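Enquirer: One structure is given below, represented as structure tokens, and several questions about it will come after.
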Amino acid sequence: MLKSFTSTAFSGLRTVSQQQARCIQVSARSLNVKDDSAPKAKRTVASSAPEGTVLKGINYMKDGKDPVALADDAYPEWLWEINDPEVRNARIANPLDKKHHKEARRQAIKGENFIRDKKT
Amino acid sequence: MSKKAPAAASSLLRLVVPAGKATPSPPIGPALGQRGVKSMDFCKQFNDRTKNVDVGTPLPVIITVKGDRTFTFVTKSPPTSFFLKRAAGIEKGGTNIGKEHPFVGKVNLKQVYEIAKIKQADDGMGHLSLKGICAGVIGSAKSMGIEVVA
């Protein structure tokens, strides 16, 4: 498709269109688009380990002590989201997100395997 | 890890050894002996290097045995399952895992975060984000039947 533009008379145009085509290809591939336009909802869940709780079982050095929990806000925001099924489902539902396509592909493979196994 | 390595090349050996308690014949002796290494040498060095660690903590070790039978080794942080079992206060992970079966223990996100921080210090983790490591720890917990709560 790009080669059809190849001609010495239009060499300047060819370069530009190739660049444009490449840009379009790249942006279509980078499906890790994060939608930050919606206002971030305030975290509603409070940690089960309030500030000051000793986090048992973490320390394994003789001269060390188990770490103490900090306030919820001292931890990064992503920590409260990684175990949240709603956040994950929202990413899967969003067709601009890589996760959506990965999950769709995974389900398609499972479907094909199921049919293939059923036959044998 | 390749048992068919030619004599000139070095071979890797991966073991999990309790800190400060090396040298039983079964795990270490034959594995090292096959490569011509005296297990006592390794055990003395290992116990010396791990003298600051709580005795008995399982530590993965990667031993590189060179063609001339000298060896070097690297110690890593304990397995994630070890941390999770201690944090949840259980002895063993669950035998039946899944939606139909109850969880055998519980761990909260702050503990996951601390475990991930320890794991991040390992050599092999340099390219991973802390968020990625946390996700890995949560995955390990779920496959052991440990519930991850906020």
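Where a number appears in this text, it was derived from the coordinates with a stated rule and is not lab data. In this text the structure is predicted, and so the values were computed from the model without any measurement. Cβ: placed from backbone, ideal geometry, glycine included. Neighbour counts: every protein chain shown.
Enquirer: Find how many whole Å separate the alpha carbon centroid of region A:87-102 from the alpha carbon centroid of region B:21-91.
Expert: 42
Enquirer: Hey, rough spin-label estimate for A:K119 and B:K131, points 7 angstrom out along Cα→Cβ, what's it come to in nanometres?
Expert: According to this spin-label approximation, the distance is 4.2 nm.
Enquirer: Less than 10 Å Cβ to Cβ from A:K56, Lys/Arg counted +1 and Asp/Glu -1: what total charge do the surrounding residues give?
Expert: Values: positive: B:R86; negative: A:D66.
Net charge in that neighbourhood comes out at 0.
Enquirer: Right, next: Counting other beta carbons within 10 Å of each Cβ, put A:Y60, A:Y75 in order, fewest first. Show your work: numbers first, answer last.
Expert: Details: A:Y60 21, A:Y75 15.
The fewest-first ordering by Cβ neighbours comes to A:Y75, A:Y60.
Enquirer: Give me the dipole magnitude in Debye, nearest 20, for region A:33-119 about the Cα centre, with unit charges on the beta carbon: positive for Lys and Arg, negative for Asp and Glu.
Expert: Numbers: 18 positive and 15 negative charges, 151 e Å.
Magnitude of the dipole: close to 720 debye.
Enquirer: Sort B:F71, B:F46 so that the residue with the fewest other Cβ atoms within 10 Å of its own Cβ comes first and the one with the most comes last.
Expert: Working: B:F71 20, B:F46 25.
With the fewest neighbours first, B:F71, B:F46 line up as B:F71, B:F46.
Enquirer: Quick one: Debye curve from the alpha-carbon atoms of region A:33-119 only, equal weights, vacuum; give me log10 I(q)/I(0) at q = 0.15, 0.19, 0.20 Å⁻¹ to two decimals.
Expert: Debye curve over Cα of region A:33-119, log10 I(q)/I(0) at q = 0.15, 0.19, 0.20 Å⁻¹: -0.79, -0.94, -0.99.
Enquirer: Then there's this: Please name whichever of B:V107, B:S77, B:I28 sits farthest to the positive end of the charge dipole of chain B, dipole taken about the Cα centre and charges placed at Cβ: Lys and Arg +1, Asp and Glu -1.
Expert: B:I28
Enquirer: 222 nm [θ] for chain B, helices only, -39500 (n - 2.57) per DSSP H run of 4+, per residue, to 500?
Expert: Working: 5 runs with 52 residues, N = 150.
Theoretical 222 nm ellipticity from helices: -10500 deg cm²/dmol.
Enquirer: With a sphere of radius 14 Å drawn around the Cβ of B:M125, what net charge do the other residues whose Cβ falls strictly inside it have (Lys, Arg +1; Asp, Glu -1)? List each step's numbers first, then the result.
Expert: On the way: positive: B:K76, B:K117, B:K119, B:K131; negative: B:D122, B:D123.
Result for the local shell: +2.
Enquirer: Report the residue, chosen from B:P26, B:P58, B:P18, that carries the largest GNM mean-square fluctuation when chain B is represented by alpha-carbon nodes joined by springs under 10 Å.
Expert: Of B:P26, B:P58, B:P18, the most mobile in the Gaussian network model is B:P26.
Enquirer: Compute the helix-to-body angle for B:109-120: its Cα long axis versus the longest principal axis of chain B, expressed 0 to 90° and rounded to tens.
Expert: It is inclined by approximately 20 degrees.
Enquirer: Where does the charge balance sit around B:C43 when Lys and Arg score +1, Asp and Glu -1, over other residues with C-beta under 13 Å from its C-beta? Kindly include the intermediate steps, with their values, before the conclusion.
Expert: Numbers: positive: B:K21, B:K38, B:K44, B:R49, B:K51; negative: B:D41, B:D48.
Combined, the nearby Lys, Arg, Asp and Glu give +3.
Enquirer: May I pose another question? Taking loop as defined by DSSP and a crowding limit of 12 other beta carbons within 10 Å, which GluC sites (Glu not before Pro) in region B:62-150 fit?
Expert: Values: sites: B:E91, B:E100, B:E114, B:E147; in loops: B:E91, B:E100.
Sites meeting the loop and neighbour criteria: B:E91, B:E100.
Enquirer: Over 32 Å between Cα atoms, which of A:K65/A:K98; B:K76/B:K106; A:K99/A:K119; B:K66/B:K106 qualify?
Expert: On the way: A:K65/A:K98 41 Å; B:K76/B:K106 25 Å; A:K99/A:K119 30 Å; B:K66/B:K106 44 Å.
The answer is A:K65/A:K98; B:K66/B:K106.
Enquirer: Using DSSP to call loops (not H, G, I, E or B), can you name the trypsin sites (Lys or Arg not before Pro) in region B:1-110 whose Cβ has at most 15 other Cβ atoms within 10 angstrom? If you can, show how the numbers build up before the last one.
Expert: Details: sites: B:K3, B:K4, B:R14, B:K21, B:R35, B:K38, B:K44, B:R49, B:K51, B:K66, B:R69, B:K76, B:K85, B:R86, B:K92, B:K99, B:K106, B:K110; in loops: B:K3, B:K4, B:K21, B:R35, B:K38, B:K51, B:K66, B:R69, B:K76, B:K92, B:K99.
Passing both the DSSP loop test and the Cβ count: B:K3, B:K4, B:K21, B:K38, B:K51, B:K66, B:R69, B:K92, B:K99.
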